[in-house]
Amino acid sequence: MKDPVAPHHSQARGGSLRQGRSSTSPLIVTLLLEPGAQERFDRLRAAHFPAARNQLAAHVTLFHALPGDHEGAVSADLADAARRPAFDVAVTGVRSLGRGVALTLDAPELTALRAGLAAAWEQWLTPQDRQRHAPHVTVQNKVEPAVARALRDRLAAGFTPHRVGARGLGLWRYLGGPWEPVAEHPFG
């Protein structure tokens, strides 16, 4: 396993676990994207997410809240799951979130990978993580519906489906807004 990923400047705002955060704070699992795609998604999010509420880099959440006291088991399972070739993810469209906008993603490899982890962690899954997974990158949220509709229409008008590389799995600890990086598990 590699050292934890360097936090995005906005993710680091919440401090570290050693500054009073609990090791039982929930864990989040994300799909890590190749740097060029990550930078493009970060630029979109920075341009459209309300600045005062944008505490995170763009991300693809696979699991929202795993039990923090099982960090060792979760990290070991992610390391095992990452022992696979890297794959591409299709960016398939623009989706309304009601008060925001997301780019939709699709990859059979991602669906299978997440399903395998969900089966292994079934006893730990929250109702949110038990729902059908619809992978996406949120580029705007927490705005008025009319503002979201306008952005969705603008992005959809110029949208061309494309593919981006998935490079691994990220493990994060939720800090009440920002996230602290815990580990990165590259594919391969």
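Per residue, the chain exposes 49 Å² of accessible surface when a 1.4 Å probe is rolled over the protein heavy atoms with every protein chain present. Among GLU71, GLU144, the sequence by solvent-accessible area, most first, with a 1.4 Å probe is GLU144, GLU71. When the square roots of the Cα gyration tensor eigenvalues are ordered a ≥ b ≥ c, the ratio a/c for segment 38-137 is 1.5 or more and a/b exceeds b/c, which makes its shape prolate.
Answer rounded, prolate or oblate for segment 54-106, using the Cα gyration tensor with square roots of eigenvalues a ≥ b ≥ c: rounded when a/c is under 1.5, else prolate when a/b is larger than b/c, else oblate. Judged from the Cα gyration tensor, segment 54-106 comes out oblate (a/c at least 1.5, b/c at or above a/b).
Solvent-accessible surface (1.4 Å probe) assigned to HIS136 amounts to roughly 50 Å².
Between ARG84 and GLY188, the built amide H atoms are under 5 Å apart, and every one of these is 5 or more places off in sequence or on another chain. Once the Cα-Cα distance is subtracted from the 0.36 nm per residue extended length, the HIS162 to THR24 segment shows a gain of 45.8 nm.
3J(HN,Hα) along segment 89-96: 10, 7, 8, 9, x, 10, 10, 7 Hz, from the Karplus curve 6.51 cos²θ - 1.76 cosθ + 1.60 with θ = phi - 60°, whole Hz, x for Gly and Pro.
Placing a label point 7 Å from the Cα of ALA47 along the Cα-to-Cβ line, the residues of segment 149-183 whose backbone N sits under 17 Å from it are 149-162.
On a 0 to 90 degree scale, rounded to 10, what angle separates helix 71-81 from the longest Cα axis of the chain? Helix 71-81 sits roughly 70 degrees off the main axis of the chain.
Between rounded, prolate and oblate, where does segment 25-82 land on the alpha carbon gyration tensor, with a ≥ b ≥ c its root eigenvalues, rounded for a/c under 1.5, else prolate if a/b exceeds b/c? Oblate shape, in that a/c is at least 1.5 and b/c is the bigger or equal ratio. All C-alpha pair distances within the chain, sorted into 5 Å bins from zero, spread as 1, 8, 16, 20, 21, 17, 11, 4, 1, 0 percent across the bins.
Overall, the accessible surface of the chain at a probe of 1.4 angstrom is composed of carbon and sulfur to the extent of 52 percent.
The values are calculated or read from the model by the stated rules, or taken from the named source; none is laboratory data. Just so we're clear, the structure is a prediction, and the values are computed from it rather than from any experiment. We place every Cβ from the backbone using ideal geometry, glycine too, and count neighbours over all the protein chains shown. Side chains are part of the model used for accessible areas, which takes the heavy atoms of the whole protein and leaves out ligands, DNA and RNA. Shrake-Rupley method; radii C 1.70, N 1.55, O 1.52, S 1.80 Å.
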